[in-house]
Amino acid sequence: MTKMKSLRNQRGVAAIMVGVALVMLLGFAALAVDLGYVMVTRNELQNIADAAALGATRQLGVIYQGLHYGELTTYVCDSALLINVTRQIALKNAAAGKYITVNDADVTIGKWDAKTKILTPTLMGADAIRVGVRRDSTANGPIPTFFARIFGKDAMNVSATATAALTAESTIEEGGLPIPVGISKEWFKQWGEFCDQSIKFYPTGTLEGCAGWHTFKETPPNANTMGTILEQLKAGVYDSPGVVAGATQFEFSGGNVASSLPDLKALFDHCRGEDPNPAPSYCHDKDTDPETWTTAVVIYDWEDQLSDPCANPNKPMTIVGFATVTIEQVLAPPDGQLIQGRVRCHMAEEGRGGGGDYGTIGTISGLVQ
């Protein structure tokens with residue numbers, strides 16, 4: 001009898017252990033299935049947030065692309081237009097089987113600080129948009145659970161956020177550089193706040209003239225080659241090559257280029273709108289002032305010349321970015337020998353971002369957060 005009683009007791013213990021094991025198995029099932037479902041839904045929401053932020057910011061870039069210098073910083077964004085873009089994109093995509101709507105409060109338009117990773121809300125001169133998408137009680141409804149409801153959890157909230165921005169240009173397409181000059185990266189380090197700072201493209205070799213000449217190639221510039229290119233640029237028959245920051249190299253030269261100044265003076269007069277008026281499209285003139293020419297130039301890397309970072313460049317160097325400059329005066333012999341300009345900020349040009357931060361932004365948006 002004692003032995004039989006012991007067996008019955010063991011059967012009871014086994015039943016308890018099986019019951020506990022079943023609860024644990026259900027718990028693991030809830031963890032595996034429901035959390036897996038949450039993660040898949042979150043990935044779907046993240047893709048939607050990424051697409052909506054990129055699309056709305058690209059719309060902002062298209063608007064900026066048509067503005068002249070000075071208009072971008074004072075342009076007040078149409079928040080309704082940009083929010084509507086995020087909605088249209090989100091509604092074309094589903095998360096957990098439901099097409100997504102976006103709350104107005106989940107769209108933030110503002111200025112992006114790449115150093116601090118902070119988006120400051122503003123509609124004036126904005127360059128970034130943050131979009132949040134969600135499935136919760138405020139939008140689209142929470143996602144239902146499968147096994148977790150056994151433990152009283154019938155639904156779960158899921159959300160995702162993405163920030164896209166218009167950042168510094170990293171590429172310029174073929175024909176996008178109408179003048180064969182560049183600025184040393186060191187010039188921007190020396191000046192710090194370089195917006196609207198004056199610079200000389202000739203004479204070079206000083207902090208005021210921390211610049212150089214090139215012929216859009218990896219071969220040494222010379223007066224004859226430069227003169228021919230300048231004439232062809234003026235005639236609209238020379239297409240500059242496409243340039244990728246961090247990859248493309250041009251050979252630079254400084255020093256005496258006085259023999260090329262008459263050709264540059266002719267190109268300047270042609271492209272600032274004096275002859276003809278307005279300037280041809282291939283001049284890429286971004287201002288409306290007939291006395292000046294605002295256009296793009298390259299930024300070159302000159303870090304190895306530490307003893308004099310603004311010395312005349314004399315070798316092939318990597319292009320690290322692009323700037324917008326306003327050329328204000330070109331004096332050719334016998335009137336003088338001078339090319340005077342001013343570096344501009346807050347310009348937008350068609351192209352991708354991700355380059356060095358030298359004042360010109362690309363209008364093709366990229367994710368930053």
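The values are calculated or read from the model by the stated rules, or taken from the named source; none is laboratory data. Note that the coordinates shown come from a computational prediction; the quantities given were computed from them, not determined experimentally. A quick note on method: Cβ atoms are made from the backbone with ideal geometry, for glycine too, and the neighbour counts reach across all protein chains shown.
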For this session: Run down THR228, THR167, THR219 and say which single residue is under 27 Å from CYS310 (Cβ atoms), hydroxyl-bearing (Ser, Thr, Tyr) and free of Cβ contacts under 8 Å to residues at least 60 places away in the same chain.
Result: THR219
Problem set entry | Which listed residue is within 31 Å of the chain's Cα centre (by Cα), assigned by TED's automatic domain parsing to the domain that holds LEU331, assigned to a loop (DSSP other than H, G, I, E, B) and of a type in the set (D, E, K, R), from GLU251, GLU218 | GLU218
For this session: Evaluate the range 55-70: report whether one residue or more is loosely packed, with under 15 Cβ neighbours inside 10 Å and farther than 26 Å from ASP289 by Cβ.
Result: no
For this session: Kindly indicate which of LEU35, LEU60 is more than 15 Å from GLY132 (Cβ to Cβ), assigned to a helix (DSSP H, G or I), without any contact (Cβ under 8 Å) to a residue 12 or more places away in the chain and among the hydrophobic types (A, V, I, L, M, F, W, C).
Result: LEU35
For this session: Among the residues of the range 299-323, count how many are closer than 17 Å to ALA245 by Cα and either at pLDDT below 85 or outside any loop (DSSP other than H, G, I, E, B) (or both).
Result: 12
For this session: Kindly list the number of the only condition in (1) more than 19 Å from THR206 (Cβ to Cβ); (2) hydroxyl-bearing (Ser, Thr, Tyr); (3) surrounded by fewer than 24 Cβ atoms within 10 Å (Cβ to Cβ); (4) touching a strand residue (DSSP E or B) at 6+ places or on another chain (Cβ under 6 Å) that fails for SER253.
Result: (1)
Problem set entry | Contacts under 8 angstrom Cβ, first residue in the range 122-145 being without any contact (Cβ under 8 Å) to a residue 12 or more places away in the chain, partner part of a loop (DSSP other than H, G, I, E, B), 6 or more apart | PRO144/ASP154
Exercise. Can you pull out the residues in the range 71-93 that are touching a residue at least 40 places away in the same chain (Cβ under 8 Å) and either part of a helix (DSSP H, G or I) or surrounded by 15 or more Cβ atoms within 10 Å (Cβ to Cβ) (or both)?
Worked result: LEU72, TYR75, CYS77, SER79, LEU82, THR86, ILE89, ALA90, ASN93
For this session: Kindly indicate whether LYS265 is surrounded by fewer than 22 Cβ atoms within 10 Å (Cβ to Cβ) and either at pLDDT 85 or above or not in a loop (DSSP other than H, G, I, E, B) (or both).
Result: yes
